[in-house]
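Here the structure is laid out as structure tokens; the discussion comes afterwards.
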Amino acid sequence: MFSKLERKIAFRYLAAKKRGFGSVVSWASLIGIALGVATLIVVMSVMGGFHDTLLSRIIGMNGHIVVYHQDGAISDYDFLIDKMKQNKIVQKYAIGIVPIAEGQVMATAKGNNTGAMVRGIKMEDLIAKTETGTKIYGKPLSAISDGELVAGAQLTRALNVTMGENISLVSASGATPTPFGSMPRIMAYPVMASFFMGMYEYDSGYIFMPLETAQKYLNIGDAVTHIDLFLKDPENTEDVLNALNNLLPDGFVVRDWRDLNRGFVGALQVESNVMFLILMLIVIVAAFNIISSLVMLVKDKSKDIAVLRTFGVSRKSMMKIFILSGTSIGVIGAFFGTVIGVLVAIYIEPIRQFFQWATGRDLFPADLYYLSELPSKLEITSVIGIAVIAIILAFLATLYPAWKAANTDPVEVLRNE
């Protein structure tokens, strides 16, 4: 594609030490492209990590498909679960069907109080849901019995309770009517275990209890508030949704995790796209610097260009020389930017901890970002795509200066020398 002569001249121009301001602009272009590529890789990796970590934890706790009843509690849930399990499509895609009794409460202990979500669940189902990535402290989940609680680690810390101490739960659900009005339902239960998921929203706001205990406390009898279905592939919910809509009687509402978290998922996607466009401006600005650098190079080397043209170097070859010279800046910048970006993305959490230690400030508050660690997910296709875009922009930036060099009139240049 490029002859030996074209490569030799292009790299000689690129490495020239006496280019003055033009050399400074070339270095600025290279560093700008490297920083732009590195920043894009790091930001997109962190955004991807946020997306996957948050969704996996939200989906993992709430089910991929949720079945409600428009009138409230589902009293015949055992019959419905058996009916779902007999459906061929549900059998094909589902790996678990879990009945849940849930309600909002105020948790109080030792003069401290906080809002919480009580979730009644069979302990074997809770064990299956928390077997990966969740730390359990205190009593094993398999040993939790009726009347005992499993609370988030942040919640127990906020209430200042230790294992075995009671938490009072205050709920408006199932309130007791009195001559003076409805009295909220208040019950005290011992906390026998705590869990740490690494997601602040759950660690600070969820309390699990055996399903029978929750049914009694919420005063819903032998019923549940909803049924969670867990699938082999969370992305493939459409077939199961259609099957359940056809299977279940009127009054039931079936929704998947996308519907339940539509605003959250959409916000993540929009934020990711906007961040990509904003940070791509860094690379675009660096590409414009390549134009400036090459235009000055063409002006500085106009005599050399005229001599080469009189020696028989074609216009096409002159274009290729300056295209290669400018694109090389993009390739080198993209290479170093990719290396730096990948290394920072891999070690983003140790880097955060170092700067947090150095500055003495919390750079990633768990209560704000809902995660205890800064997540990062490197995708090879994304990394390659960012590098390729940077190189393409650098290539496009060389076209005008290369065309200007190729159209230099050697007669006019040499006449003025």
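The values are calculated or read from the model by the stated rules, or taken from the named source; none is laboratory data. If you're wondering where the values come from, they're calculated on a predicted model, not measured in any experiment. Heads up, the Cβs are rebuilt from the backbone with ideal geometry, glycines too, and the neighbour counts pull from every protein chain shown.
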### Query
Is it true that G96 is modelled with pLDDT under 85, touching an Asp or Glu at 6+ places or on another chain (Cβ under 8 Å) and not assigned by TED's automatic domain parsing to the domain that holds L149?
no
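Conditions (1) crowded, with 17+ Cβ neighbours inside 10 Å; (2) within 23 Å of V253 (Cα to Cα); (3) hydroxyl-bearing (S, T, Y), marked per residue:
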residue	(1), (2), (3)
V66	yes, yes, no
D82	no, yes, no
V90	yes, yes, no
M106	no, no, no
D125	yes, yes, no
Y137	no, no, yes
### Message
Regarding region 342-361, can at least one residue be identified that is at pLDDT below 80 and outside any helix (DSSP H, G or I)?
### Response
yes
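For region 178-277, which fully contained strands (runs of 3 or more DSSP E) count at least 1 residues that are over 23 Å from the mean Cα position of the chain (by Cα), on the phi < 0 side of the Ramachandran plot and without any contact (Cβ under 8 Å) to a residue 24 or more places away in the chain?
Numbers: elements: 181-196, 206-210, 226-231, 252-256.
Once the strands (runs of 3 or more DSSP E) in region 178-277 are filtered for at least 1 residues that are over 23 Å from the mean Cα position of the chain (by Cα), on the phi < 0 side of the Ramachandran plot and without any contact (Cβ under 8 Å) to a residue 24 or more places away in the chain, what remains is 181-196.
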